[in-house]
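One structure below.
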Amino acid sequence: MTEDHEHEIISRELDTDEDEPATQIALAVADIEGKDVDELGSMYETIDHLVDNLFSDPPSRAAEVEVSFNYEGYRIHVDQSGTAEFLKLG
């Protein structure tokens, strides 16, 4: 079942202790879209290990680092606390 998420921001909390948090992003998009993760493009071809590196060697909390990128039709915003927001692109 695919829902209409055109203007809705969907938030998810990533487990920042996981080895590959980027995989969690792909799983979240698959869940939102009602697809199997194997139907999606590679996260690593999109952003390499950027999100994984954000959590494996995090900056100080005072830095308030945020990363935004496009993946599978979503604008995805991840902050260093592990909050990920997904906004469906037009």
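The values are calculated or read from the model by the stated rules, or taken from the named source; none is laboratory data. This is a predicted model, so every value here is computed, not measured. Glycine gets a Cβ as well: all are built from the backbone with ideal geometry, and neighbour counts include every protein chain shown.
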Given (1) assigned to a helix (DSSP H, G or I); (2) touching a helix residue (DSSP H, G or I) at 6+ places or on another chain (Cβ under 8 Å); (3) in contact (Cβ under 8 Å) with a residue 24 or more places away in the chain, number of the condition residue 44 does not satisfy: (3)
Restricting region 70-90 to residues that are within 11 Å of the chain's Cα centre (by Cα) and not in a strand (DSSP E or B), which is surrounded by the most Cβ atoms within 10 Å (Cβ to Cβ)? 72
Any residue that is in contact (Cβ under 8 Å) with a residue 24 or more places away in the chain and out of contact with any helix residue (DSSP H, G or I) (no Cβ under 8 Å at 6 or more places or on another chain) - is there at least one of those in region 60-69? no
Say we look at region 1-41 and pick out the residues that are modelled with pLDDT of 95 or more and part of a loop (DSSP other than H, G, I, E, B); which of these is surrounded by the most Cβ atoms within 10 Å (Cβ to Cβ)? 40
